[in-house]
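S.K.: Pasting a structure here, questions to come.
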């Protein structure tokens, strides 16, 4: 059995930390023992501990982050780590990458960020020189990693448990969520930040509000994780300016994703960039029609007119048209296609098997 160190800088209830958790959940435990390192405390750390995995917290600290690197040195040596799995492309990961090379350990470096952002471009030398494989979660991301060593570059999609959302009682979901069953919910689940396009989504909803039933609500699930809460304040101001207090629900963060999906008519994601959206996968397996921006890996999940519709992020007029279009479509057919595509292309058993084959190829 090989000990694998899975490193995630974040621990919030987001796609990247949950993707790290799912590796531990689904990997073949007879061949690999997953051990986790997180760069912060958070809800996903609590889940990982509850599920019985060994967890370390290593925060970025000290002069030149030397204490951080020393922490990784001790963990890798103490736990006899054979391979280090770096969960995405931010500056935090260069420290375990450097130590892994120093200790002659194998490194697979996953990319879930926009590789063309300045903070990612600064890591080009690290990702090329300190990894054995560079793994993107969408083909779109791979196309934009022009600085990556082509011999190391490969793609493995995120996966979804195909039983996700099964046996969820819709009537009970309304009670759990404290939402009115007489309403129709158009739902987005996203962190409240600029790149998720929540303000633009509210503008689109406002532009079509008179074309849809008054009981149709825009349900926004997520939180502003910053200390100043400026984006949340902008959202509230826009809702007030458009007098949408009765039409837009700021629900906050929730772990009840299955229940939220069960009561939602359609799922919307107006992100300016996504690697491969986990929440879209959750919507797909829950048989939801989807309206999503065509940016990043979204177009590998949402096929135009098949399981939903796509638009250019930030194009409020186009988003408005697509929302009206999907509501006039056969939602059952679109939803069934979503589930079918999720099973065929994104079954987590298949994607985890690809990760296991990746590990084997470098060890």
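S.K.: Could you tell me which of the residues 352, 310 is outside any loop (DSSP other than H, G, I, E, B), touching a residue at least 60 places away in the same chain (Cβ under 8 Å) and either over 28 Å from residue 180 (Cβ atoms) or touching a helix residue (DSSP H, G or I) at 6+ places or on another chain (Cβ under 7 Å) (or both)? Reasoning before the result, please.
M.R.: Numbers: 310 fails: touching a residue at least 60 places away in the same chain (Cβ under 8 Å).
Only one candidate qualifies: 352.
S.K.: With respect to residue 127, determine if the residue is touching a strand residue (DSSP E or B) at 6+ places or on another chain (Cβ under 6 Å) and in a helix (DSSP H, G or I).
M.R.: Values: touching a strand residue (DSSP E or B) at 6+ places or on another chain (Cβ under 6 Å): yes; in a helix (DSSP H, G or I): yes.
For residue 127, the condition - touching a strand residue (DSSP E or B) at 6+ places or on another chain (Cβ under 6 Å) and in a helix (DSSP H, G or I) - is met.
S.K.: Sticking with this structure for a sec: Restricting attention to segment 295-304, which residues are within 19 Å of residue 327 (Cα to Cα) and surrounded by fewer than 24 Cβ atoms within 10 Å (Cβ to Cβ)? Give the derivation first.
M.R.: Taking segment 295-304 as the starting set, the residues that turn out to be within 19 Å of residue 327 (Cα to Cα) are 302-304.
303, 304, listed by residue number.
S.K.: Ok, one more. If residue 128 satisfies all but one of (1) touching a helix residue (DSSP H, G or I) at 6+ places or on another chain (Cβ under 6 Å); (2) farther than 29 Å from residue 279 by Cβ; (3) without any contact (Cβ under 8 Å) to a residue 40 or more places away in the chain, what's the number of the condition it fails?
M.R.: Looking at each condition in turn, residue 128 falls short on (1).
S.K.: Let me ask something additional. Restricting attention to segment 184-197, does a residue exist that is modelled with pLDDT of 95 or more and over 25 Å from residue 298 (Cβ atoms)?
M.R.: No, segment 184-197 has no match at all.
S.K.: Look through 49, 54, 74 and report the one residue that is touching a strand residue (DSSP E or B) at 6+ places or on another chain (Cβ under 6 Å), assigned by TED's automatic domain parsing to the domain that holds residue 18 and without any contact (Cβ under 8 Å) to a residue 12 or more places away in the chain. Spell out the reasoning first.
M.R.: Numbers: 54 fails: without any contact (Cβ under 8 Å) to a residue 12 or more places away in the chain; 74 fails: touching a strand residue (DSSP E or B) at 6+ places or on another chain (Cβ under 6 Å).
Residue meeting the stated conditions: 49.
S.K.: Then there's this: Where in segment 211-306 are there helices (runs of 4 or more DSSP H), lying wholly inside it, with at least 3 residues that are more than 19 Å from the chain's Cα centre (by Cα) and in the same structural domain as residue 187 (by TED's automatic domain parsing)? I'd like the intermediate steps shown before the answer.
M.R.: Details: elements: 230-241, 257-263, 278-285.
Hits in segment 211-306: 230-241.
S.K.: Is it true that some residue in segment 140-147 is part of a helix (DSSP H, G or I), farther than 29 Å from residue 348 by Cα and either free of Cβ contacts under 8 Å to residues at least 60 places away in the same chain or touching a strand residue (DSSP E or B) at 6+ places or on another chain (Cβ under 7 Å) (or both)? I'd like the intermediate steps shown before the answer.
M.R.: Applying the first criterion (part of a helix (DSSP H, G or I)) to segment 140-147 yields 140-143.
So of that shortlist, the ones also farther than 29 Å from residue 348 by Cα come out as none.
No; the residues of segment 140-147 include none that is part of a helix (DSSP H, G or I), farther than 29 Å from residue 348 by Cα and either free of Cβ contacts under 8 Å to residues at least 60 places away in the same chain or touching a strand residue (DSSP E or B) at 6+ places or on another chain (Cβ under 7 Å) (or both).
S.K.: Let me ask you something else. Mind listing whichever residues of segment 280-294 are surrounded by fewer than 24 Cβ atoms within 10 Å (Cβ to Cβ), touching a strand residue (DSSP E or B) at 6+ places or on another chain (Cβ under 7 Å) and closer than 18 Å to residue 160 by Cα?
M.R.: 282
S.K.: Which residues, counting only those in segment 25-43, are outside any loop (DSSP other than H, G, I, E, B) and more than 28 Å from residue 62 (Cβ to Cβ)?
M.R.: From segment 25-43, those outside any loop (DSSP other than H, G, I, E, B) are 25-26, 32-38, 43; that's our starting set.
Those that are outside any loop (DSSP other than H, G, I, E, B) and more than 28 Å from residue 62 (Cβ to Cβ): 25, 26, 32, 33.
S.K.: Would you please name the residue that is surrounded by the fewest Cβ atoms within 10 Å (Cβ to Cβ), looking only at residues in segment 20-46 that are in contact (Cβ under 8 Å) with a residue 40 or more places away in the chain and touching a strand residue (DSSP E or B) at 6+ places or on another chain (Cβ under 8 Å)?
M.R.: First, pick out the residues of segment 20-46 that are in contact (Cβ under 8 Å) with a residue 40 or more places away in the chain: 20, 22-23, 26-28, 31-32, 35, 37, 39, 43.
Then keep just the ones that are touching a strand residue (DSSP E or B) at 6+ places or on another chain (Cβ under 8 Å); that gives 20, 23, 27, 31-32, 35, 37, 39.
Details: 20: 27, 23: 23, 27: 20, 31: 13, 32: 21, 35: 20, 37: 26, 39: 22.
It comes out as 31.
S.K.: I've got another one for you. Residue 61 passes all but one of (1) modelled with pLDDT of 95 or more; (2) more than 20 Å from the chain's Cα centre (by Cα); (3) within 30 Å of residue 222 (Cβ to Cβ); which number fails?
M.R.: That leaves (1) as the condition not met.
The values are calculated or read from the model by the stated rules, or taken from the named source; none is laboratory data. Given the structure is predicted, the values throughout are model-derived calculations rather than measurements. FYI the Cβ positions are ideal-geometry reconstructions off the backbone, even for glycines, and counts take in every protein chain you see.
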